[in-house]
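> I am attaching a structure below and will ask some questions about it afterwards.
The values are calculated or read from the model by the stated rules, or taken from the named source; none is laboratory data. Please read all numbers here as calculations on a predicted model, not as lab measurements. Every residue, glycine among them, receives a Cβ derived from its backbone with ideal geometry; neighbour counts consider all protein chains shown. Please note that ligands, DNA and RNA were not included when accessible areas were found on the heavy atoms of the full protein model with its side chains. Shrake-Rupley method; radii C 1.70, N 1.55, O 1.52, S 1.80 Å.
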Amino acid sequence: MKPKKHQQLDLFSWVKQPAGLSKRMAVLIPQFNECKNAEYYRRRLTYFSALAHKYAYELDIILIDDGSNDGSKEILTRFQQRGDSGFYSAVIAKNTQKVGALNLTAMNISHDYITVSDFDTDLNHLENLKMAILRLDNSKEYMGCYFRMYPFGERGLTFKMQQLEYCFARTYYKLHQKEQTVPVMPGAGSCYRRTMLLDIYKLHSGLRSGEDREAATIGARLNLKVFYFENVEALTRPPGRLPQLISQRVRWYTGYIETVIKERTFYFSQIKSASVVGIRTLQDFASILLLLLFPALAGIVIVTSIKNLFIVLSITYCLSECYYFLLLTCAAKERRFTGNISGLSILVYPLFWLVVSFVSWWRAVIYCFSNYKKIKAHFNLNQENVVPGVLYTHEASV
C-alpha cells in the first residue's frame with residue numbers, strides 16, 4: 001500500500017491535557033487496540049492511575065490512543081471522566097504505527113525529557129530518573145538512556161528461554177560502555193531528551209517493526225551518545241507460547257532488515273571502523289547467513305558422512321554451551337533477574353533459539369525480499385517529502 005502523507009497536527013487531540021507548569025519528565029504510553037480483554041485493559045488503566053498518583057510531583061504520565069477501533073478509546077475516555085485518574089491522555093485520529101503517536105505527542109508537550117514505554121510494561125523505581133536527568137543535564141552529547149528490562153508474568157519453557165535471552169542481552173550492554181552506544185534503545189523502557197527525539201523522528205521512516213532500533217541508529221548516526229541506566233526497571237510481558245514468540249521475532253527481524261536497508265551507509269561505516277556496533281553487526285550478518293544456509297550446509301556434510309555431520313553439530317553445540325555458561329558467569333548482577341534457571345534450561349537454550357531463529361529469520365527475509373521495492377519506495381518517499389511534523393501512515397509491515 002502506498003504511504004499517505006498526513007499533517008500530524010490535524011490527527012492529534014487531547015482527552016485530558018496537562019495543566020499549568022509541566023514537569024520536566026513525561027512518560028508516554030502509546031496503545032493500539034489493546035481492548036481484546038476489557039477487564040485486563042481496565043486493570044492496566046488502574047495500574048497507570050496508581051503509577052501517576054505515586055509520582056504526581058515528579059512526572060506526567062500520558063496515555064496515547066493511536067487510532068484504536070476496538071472500543072479501547074471509549075473506555076479510556078470514560079475512565080478519565082469518572083474521577084481523578086492521575087494520568088493524562090491523547091487521541092490520534094488514525095493509526096500512525098506508534099512512531100507517529102509518539103512524535104505527535106512530543107510536539108504537543110513542553111517537557112524536557114520523555115520516557116517511552118508500552119501499555120503492557122510495568123515501570124519500577126521511576127524516582128531514580130532524577131539521577132539520569134542530572135547526568136543528561138550535565139552532558140549535552142547524550143540523547144538519553146535505556147533501562148534494565150526483563151520479562152515477567154509468564155511461566156513455562158518459552159518464558160524461561162526469554163528470561164535467559166534478556167539476561168544475555170543486558171550483559172552485552174557492558175561492551176558498549178566505552179563508546180556509549182547501543183544497537184537498540186528498547187521501545188518499552190528508554191528515556192530521551194525531547195528535542196533530540198523530535199530531531200530523530202524527522203529522519204525516521206515511520207515503519208513500526210523496528211521503530212526503536214531505527215531511532216537508536218539515527219541517534220548514533222547523529223553522533224549522539226546513550227548510557228545504560230539500571231536503576232529503573234522495565235518489566236515486559238513476553239509471548240507465553242511458541243507461535244506468539246515466533247510472530248514477535250518475525251516482526252523484530254523484519255525491523256532489523258528494514259533498518260539496515262535504510263541506514264546501510266551507517267552500518268557499513270561502523271563495520272569499517274570496527275566499532276562495537278560494527279563488530280556486533282558483522283557478527284549478526286555472519287550468524288544469520290549461517291543460520292539461513294544451515295540446511296544446505298548440513299546436506300553437504302551429510303554427503304560426505306553422517307558421522308561428520310554429528311561431529312560438527314556436537315562441536316558447535318558444545319561451543320555454544322561454553323559461550324552461554326561464560327556469559328552467565330560474567331552476568332552475576334543481571335542473573336538475579338532471571339529467577340530460578342535450571343541447568344536443563346541452559347542445555348536446551350541453544351536448540352530452542354536455533355529453531356525459533358531459523359523459522360523467524362526465514363519468514364522475515366522472505367517478507368522483505370518480496371516487498372523490497374515497496375520498502376525502498378517508502379524510504380525514498382519519506383526522504384523526498386518529510387518535513388517537521390509530518391510522518392506517513394501505512395499498513396503494518398508484518
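> VAL232: in contact with a Gly (Cβ under 8 Å, 6 or more places away or on another chain) and either within 21 Å of GLN162 (Cβ to Cβ) or open to solvent by less than 50 Å² (accessible area, probe 1.4 Å) (or both), yes or no? Can you show your working first?
Details: in contact with a Gly (Cβ under 8 Å, 6 or more places away or on another chain): yes; either within 21 Å of GLN162 (Cβ to Cβ) or open to solvent by less than 50 Å² (accessible area, probe 1.4 Å) (or both): yes.
Answer is yes for this residue.
> Within segment 240-264, can you find the residues that are assigned to a loop (DSSP other than H, G, I, E, B) and either touching a Pro at 6+ places or on another chain (Cβ under 6 Å) or open to solvent by less than 20 Å² (accessible area, probe 1.4 Å) (or both)? Let's see the steps before the verdict.
Just the residues of segment 240-264 that are assigned to a loop (DSSP other than H, G, I, E, B), to begin with: 240-241, 263.
Once the filter is applied, which keeps residues that are assigned to a loop (DSSP other than H, G, I, E, B) and either touching a Pro at 6+ places or on another chain (Cβ under 6 Å) or open to solvent by less than 20 Å² (accessible area, probe 1.4 Å) (or both), segment 240-264 yields only GLU263.
> Also: Against the condition touching a Lys or Arg at 6+ places or on another chain (Cβ under 6 Å), of a type in the set (A, V, I, L, M, F, W, C) and not in a helix (DSSP H, G or I), how does ILE109 come out, does it pass?
Here the answer is no, as ILE109 does not meet what is asked.
> Out of the residues in segment 268-318 meeting the condition of being charged (D, E, K, R) and at pLDDT 85 or above, tell me which one is surrounded by the most Cβ atoms within 10 Å (Cβ to Cβ).
So the residue we want is ARG280.
> Does segment 280-289 contain at least one residue that is over 24 Å from GLY206 (Cα atoms) and in contact with a strand residue (DSSP E or B) (Cβ under 9 Å, 6 or more places away or on another chain)?
Within segment 280-289, not a single residue is over 24 Å from GLY206 (Cα atoms) and in contact with a strand residue (DSSP E or B) (Cβ under 9 Å, 6 or more places away or on another chain).
> Out of all the residues in segment 88-105, is one or more farther than 28 Å from GLY210 by Cβ and surrounded by 14 or more Cβ atoms within 10 Å (Cβ to Cβ)?
Checking segment 88-105: at least one residue is farther than 28 Å from GLY210 by Cβ and surrounded by 14 or more Cβ atoms within 10 Å (Cβ to Cβ).
> Looking at segment 112-135, which of the residues that are among the polar types (S, T, N, Q) and in a strand (DSSP E or B) is most open to solvent (accessible area, probe 1.4 Å)?
ASN124
> For segment 225-238, name all the residues that are in contact with a helix residue (DSSP H, G or I) (Cβ under 6 Å, 6 or more places away or on another chain) and aliphatic (A, V, I, L, M). First the steps, then the outcome.
We begin by selecting, within segment 225-238, every residue in contact with a helix residue (DSSP H, G or I) (Cβ under 6 Å, 6 or more places away or on another chain); these are 228-229, 231-232, 238.
Within segment 225-238, VAL232 is the sole residue that qualifies.
> If you scan segment 16-45, which residues turn out to be open to solvent by 70 Å² or more (accessible area, probe 1.4 Å) and under 23 Å from LYS98 (Cβ atoms)?
Listed by number, the residues that qualify are GLN17, PHE32, LYS36, ASN37, ARG42, ARG43.
> Could you identify the single residue in PHE285, PHE325 that is under 24 Å from the mean Cα position of the chain (by Cα), under 25 Å from TYR173 (Cβ atoms) and among the hydrophobic types (A, V, I, L, M, F, W, C)? Explain how you work it out, then say what you get.
Working: PHE325 fails: under 24 Å from the mean Cα position of the chain (by Cα).
Selected residue: PHE285, the only one of PHE285, PHE325 that is under 24 Å from the mean Cα position of the chain (by Cα), under 25 Å from TYR173 (Cβ atoms) and among the hydrophobic types (A, V, I, L, M, F, W, C).
> Here's another thing I want to ask about it. I'd like the residue in segment 136-156 that is within 27 Å of PHE337 (Cα to Cα) and not in a strand (DSSP E or B) and, out of all such residues, is most open to solvent (accessible area, probe 1.4 Å).
Selected residue: ARG155.
> Can you tell me which residue within segment 27-53, out of those that are out of contact with any Asp or Glu (no Cβ under 9 Å at 6 or more places or on another chain) and part of a helix (DSSP H, G or I), is nearest to ASP112 (Cα to Cα)?
Step by step, filter segment 27-53, then rank; the result is PHE48.
> Report the residue count in segment 328-349 for those that are surrounded by 15 or more Cβ atoms within 10 Å (Cβ to Cβ) and more than 19 Å from ARG170 (Cβ to Cβ).
1
> Being over 30 Å from LEU134 (Cβ atoms), outside any strand (DSSP E or B) and open to solvent by less than 40 Å² (accessible area, probe 1.4 Å) is the filter here; which residues of segment 54-76 pass it?
Passing the criteria: GLY67, SER68, GLY71, SER72, ILE75, LEU76.
> For PHE337, only one of the following conditions fails: (1) closer than 21 Å to PRO151 by Cβ; (2) in a helix (DSSP H, G or I). What is its number?
All conditions are met except number (2).
> Another one. Give me a count of the residues in segment 187-220 that are under 17 Å from MET149 (Cα atoms) and open to solvent by less than 20 Å² (accessible area, probe 1.4 Å).
Residues meeting the conditions: 7.
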